[in-house]
Amino acid sequence: KEKDFIGWMWGFNSGKLQINELDADRLRIRDLYLQKGYLDADVSAPFLKTDFTTYNAVLDYHINEGERYRVSDVEIVLEEDVIAVNSLYNGLKLEKGKVYNVAKMRQDIESIRYKIGDLGYAFVRVMPDLDKNPENGEVRIVYYIQAGKKVRVKDVIISGNNKTLDRVIRRNVLLTPGEEYEMSKIGRSKN
């Protein structure tokens, strides 16, 4: 980023070049385009022009946006029938006819993982497959789901605790040994 007006103050940008972030910035720019529906977006490697006499630099990225894609269809394919497929469609952010958004797809993957993870499947895998049709500017999204095996909690181990009694922490942990695994209980226990 360019230097902020009061760049010397904490929390504001000093404008100093961070070479190790340049390639990550390229990926951040591409991710931004993926959130706007540009699946074919191509961001070049950074081109940095430096003037060592004034300590100024100009940073360029060459971007080819490509076609903007809309969602033509969303499908969910379960490897094993562990849950009704129709219940997984409820609450999906990506819908037919809307512009593709990679952030919404990530939210959909987490939503599916949590719905199946709450049934006792700790190692559920959700793999998205994008079937692009450049002529129509449409993409079909297929979520392939492998639930794995059901899991039961064997033990709850608390480590790194020196001051608080274990029983004080355990009363806030919602999962107990012998209970069936639930992904949402782990998140609520951490909170």
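The values are calculated or read from the model by the stated rules, or taken from the named source; none is laboratory data. The model shown is predicted, which means the values in this text are computed figures rather than measured ones. Ideal geometry is used to build each Cβ from the backbone, glycine not excepted, and the neighbour counts take in all protein chains shown. Accessible surface is based on the protein model in full, side chains and every heavy atom, while ligands, DNA and RNA are left aside. Shrake-Rupley method; radii C 1.70, N 1.55, O 1.52, S 1.80 Å.
Observations on the structure shown:
- Sorting I76, I157 by solvent-accessible area of protein heavy atoms yields I157, I76, largest first, with a 1.4 Å probe.
- When only Cα pairs below 8 angstrom with a gap of at least 6 residues are kept, segment 38-77 shows a relative contact order of 47 percent.
- All lysines inside 17 Å of K96 as judged from Cα atoms, apart from same-chain residues fewer than 8 positions distant: K36, K104, K132
- Segment 59-80 and segment 12-39: distance between their alpha carbon centers, rounded to Å: 18 Å
- Scaled against 2.2 N^0.38 Å for its residue count N, the alpha carbon radius of gyration of segment 1-120 is 1.54.
- 17 Å Cα-Cα reach of K16 towards aspartates and glutamates, excluding residues that sit fewer than 8 places from it in its own chain: E2, D4, D25, D51, D60
- The convex hull around the C-alpha trace of segment 69-184, projected and averaged over every direction, spans 9.0 square nanometres.
- Cβ-derived FRET efficiency at R0 35 Å, D23 paired with S184, nearest 0.05: 0.45
- Taking the DSSP bridge list for the chain and keeping only pairs wholly inside it, about 70 percent are antiparallel.
- Residues whose amide H comes within less than 5 Å of that of I76, counting only those at least five positions distant or on another chain, are Y143 (H built at 1.01 Å from N in the peptide plane).
- Computed magnitude of the charge dipole of the chain (debye, nearest 20; Cβ of K, R +1, Cβ of D, E -1): 1040 debye
- Per-residue ³J(HN,Hα) for segment 74-86, Karplus 6.51 cos²θ - 1.76 cosθ + 1.60, θ = phi - 60°, Hz, x for Gly and Pro: 10, 10, 10, 10, 8, 5, 10, 7, 9, 7, 5, 4, 4
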